Amino acid sequence: MKASSDVYALPPPEQLELATLGYRAAAADLIWAYVLVSQGAHASERRRFDHGARYFRSIIALDPSFREPYLMMDAILTFGSVRANEADARETREMLEIGVRTRPFDAQLVHQAGAFIAYIAPTYIPDAERGEWEVAGARLIARAGELGLRDISAREAMSGATLLSRNGQIDAENEKIEKDSSSNKTSV
């Protein structure tokens, strides 16, 4: 017999903290390990990981600064998901943005979120909203560059500038850069 659906056996994220009896980070680690194993099993069986986003929300509720889930979230919820859809892309973006707010100086995480929002997620989003997603992602990629992420290539930087230009945002970004550089000169 082949399994066709999964059961989500954890309490809602807001109640999960109480259920862990104070061992929040340990519980988050345990759920993360389960997600990795379960996603692998689902992928090998070519089945959708139905409750992946719920597990990620539980991890975030328990330990919002836990870095590794954010770095693999887009791959697990969209790439690794059979029949990923618009709701998956929206939920992944929302959780990645939580990660960026929680870890604002983590250049790799900021870049990961930006790349997902700018390049991957728009394939699931209606055409009317794609421009906003591309601009938001390009801004995060630029922020990762500001934070000193050395892995951003010139091609990627140009690609981000192209997204901003295509969506009428390049002049606003140039004004912001000029304003930032002039305020740095006067404060020195």
Notebook entry, point to check: What are the ³J(HN,Hα) values, in whole Hz, obtained from phi via the Karplus relation 6.51 cos²θ - 1.76 cosθ + 1.60 with θ = phi - 60°, for each residue of segment 9-25 in sequence order, with x given for Gly and Pro?
Noted result: 9, 8, x, x, x, 5, 9, 5, 4, 5, 5, 7, 6, x, 8, 5, 5
Item checked: Portion, in percent, of the accessible area of segment 1-95 that falls on carbon or sulfur, probe 1.4 Å -> 59
Item checked: For segment 97-145, accessible area per residue (1.4 Å probe, heavy atoms of protein chains only), Å² -> 42
Next item on the list: Please report the Cα spread of segment 1-138 along all three principal axes, rounded to whole Å, starting with the longest.
Entry: 43, 42, 22
Check: Which value in nm describes the separation of the simple spin-label points at R90 and A128, placed 7 Å from the Cα toward the beta carbon?
Finding: 1.3
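When only Cα pairs under 8 Å and 6 or more residues apart are kept, what is the percent relative contact order across segment 1-124? Working shown, then result.
Working: 112 pairs, mean separation 28.2, N = 124.
Once normalised by length, the contact order is 23 percent.
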Checklist line | Sequence ranges 66-72, 141-147, 14-20, ranked by mean other-Cβ count within 10 angstrom, highest first | finding: 141-147, 66-72, 14-20
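Work out, step by step, the length gained on full extension between V37 and E14: first 0.36 nm times the residue separation, then minus their alpha carbon distance; give nm to one decimal. Provide the component values of the computation, followed by the final result.
Working: separation 23, 0.36 × 23 = 8.28 nm, distance 2.42 nm.
The V37-E14 span can extend by a further 5.9 nm.
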Check: Contour minus end-to-end for R101 and L30, with contour as 0.36 nm per residue of separation and end-to-end as the Cα-Cα distance?
Finding: 23.2 nm
Checklist line | Cα radius of gyration and Dmax for segment 34-110 (Å) | finding: 12.1, 38
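The values are calculated or read from the model by the stated rules, or taken from the named source; none is laboratory data. Quick caveat: nothing in here was measured; it's all calculated off a predicted structure. Methodologically, a virtual Cβ is constructed for each residue, glycine included, from the backbone with ideal geometry; neighbour enumeration extends over all protein chains shown. Each accessible area value is taken on the protein alone, full model and side chains, heavy atoms only, with ligands, DNA and RNA left out. Shrake-Rupley method; radii C 1.70, N 1.55, O 1.52, S 1.80 Å.
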